[in-house]
Amino acid sequence: MSIFHGKKAAQYIFFEMLPSFILGLMVFISIILMFQVLRLTEFALVHGVTLKTIAEIIGYVVISLLPVLFPMALLFSVLLTYGRLSQDSEIVAMKASGLPMGTLLLPAIVLSLFVGAISAQMSFNIAPWGNRQFEVLYSRLANTKAGAVIKEGTFSEGFFDMVVYANEVNSDKGLLKNVFIYDEKTGDVPLTIISKEGEIIPDKERPGHDILLRLKDGEIHRQAKTHTKISFDTYDVRFSEPVNIEEKKKSPQSLTLNEVRSRLKEDLKDEELERTLRTEYHKRLAITFLCVVFAMIGVGLGTTTNRRAAKAGGMILCIGLIILYWTLYVAAEGMARSGSLPVPVAIWAPNFIFALLGMESLRRNWN
């Protein structure tokens, strides 16, 4: 076959894969969001979170997971496209007309390099930003949970063995009127607190830490063998247990690749933290290179000339390979974090195994 016809065939295959890649990306994003439905429903119904905030949560979750979703969508696209070409005997026709296997492989490799470059940018910088925004937003929601859950004229339970009631609730300003609290945290003898006014005060300096309800002009009643009554001008009731007194820092997942490198250059005394950072560093590089590995496997398994095997391909084969890869990866990452294996060996092992699988599948179909 002439070079011209080889280029036309390569372009044909490449542009056949693009719609499948976009479809695959949408499918895997939908699957991820399905696992988040219960949490998002809880935010909407229990915490009173607005649809705008839920949309922000979805956006940040998707952004943080895109580096992982890109290789999966690429594998789906390559398997689906080359599987269809095999099923329709187009692969056989191309080989019969003299088209070399290298030309058949080229479109998948080009697409994998393109997707890998985008995935690298996402993994190194954008996904950590999305993960950090999700952390901050989630902490902010934790601060506003009390105001969202307390409803007017309703006994609200679940505040660490407290029952809270308020006649009037202003959720936007965090103000309550005619407050009644039944507190069982105090031991054998519970407290009953009655107050004319209350104000929910989140910790703005350290989101996600203590939240307190400041009560004004009220009384504390304690009924044991004798009845004790204490009047107060102001009284603070904590709605959450103290986490710690330090401001929350970025998690390793929220650090950019350059920030991970900078942390690794420091004299880290914590060996577990150092292993976690090294794992994070190699993980991002390995996931980027995974695009090329999945492209080789997709072409190798998709170009089978067995029509029955081709019909059995597609989504089922894609899901099976993804489950196998991530099973190996999770086990390898666990060994890296625990120190059972050197971090580079553990993190890159699944890629190496699948690269061998891809080369073997290509070898069988090369001629």
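FYI, it's all coordinate maths here, none of it is from the lab. Since the structure is predicted, the reported quantities are computational estimates derived from the model, not experimental observations. Neighbour counts run over all protein chains shown; Cβ positions are idealised from the backbone, glycine included.
Evaluate E = 1/(1 + (r/R0)^6) for residue 229 and residue 30, where r is the Cβ-Cβ distance and R0 equals 56 Å; express this FRET efficiency to the nearest 0.05.
Between residue 229 and residue 30 the formula returns 0.45.
Starting from the 7 Å offset along Cα-to-Cβ, what nm value, one decimal, do you get for the label separation of residue 269 and residue 154?
4.9
What full-extension length gain, to one decimal in nm, is calculated for residue 113 and residue 316 as 0.36 nm per residue of separation minus the Cα-Cα distance? If you can, show how the numbers build up before the last one.
Working: separation 203, 0.36 × 203 = 73.08 nm, distance 2.46 nm.
Length gained, residue 113 through residue 316: 70.6 nm.
Just subtract the alpha-carbon distance of residue 359 and residue 167 from 0.36 nm times their residue separation and send over the number in nm, one decimal.
Details: separation 192, 0.36 × 192 = 69.12 nm, distance 7.01 nm.
That works out to 62.1 nm of additional length.
Pull out the extension gain between residue 51 and residue 8, defined as 0.36 nm times the separation in residues minus the alpha carbon to alpha carbon distance; nm, one decimal. Mind showing how you got there, number by number?
Working: separation 43, 0.36 × 43 = 15.48 nm, distance 4.75 nm.
The residue 51-residue 8 span can extend by a further 10.7 nm.
Beyond 21 Å between alpha-carbons counts as too far, so tell me which of 7/95; 173/196; 52/173; 250/283; 173/229 fall in that bin.
Working: 7/95 14 Å; 173/196 16 Å; 52/173 19 Å; 250/283 18 Å; 173/229 30 Å.
Beyond 21 Å: 173/229.
Output the direction-averaged projected area (hull surface divided by four) of the convex hull of the alpha-carbon atoms of region 64-131, in nm².
Average projection, Cα convex hull of region 64-131: 4.6 nm².
Just add up the charged neighbours of residue 290: K/R +1, D/E -1, any other residue whose Cβ is under 14 Å from the Cβ of residue 290.
Details: positive: 283, 284; negative: 333.
For residues surrounding residue 290, the net value is +1.
May I ask you to derive the relative contact order of region 35-135, considering only C-alpha pairs under 8 Å and at least 6 residues apart, and to give it as an integer percent?
Working: 47 pairs, mean separation 48.3, N = 101.
Here the relative contact order equals 48 percent.
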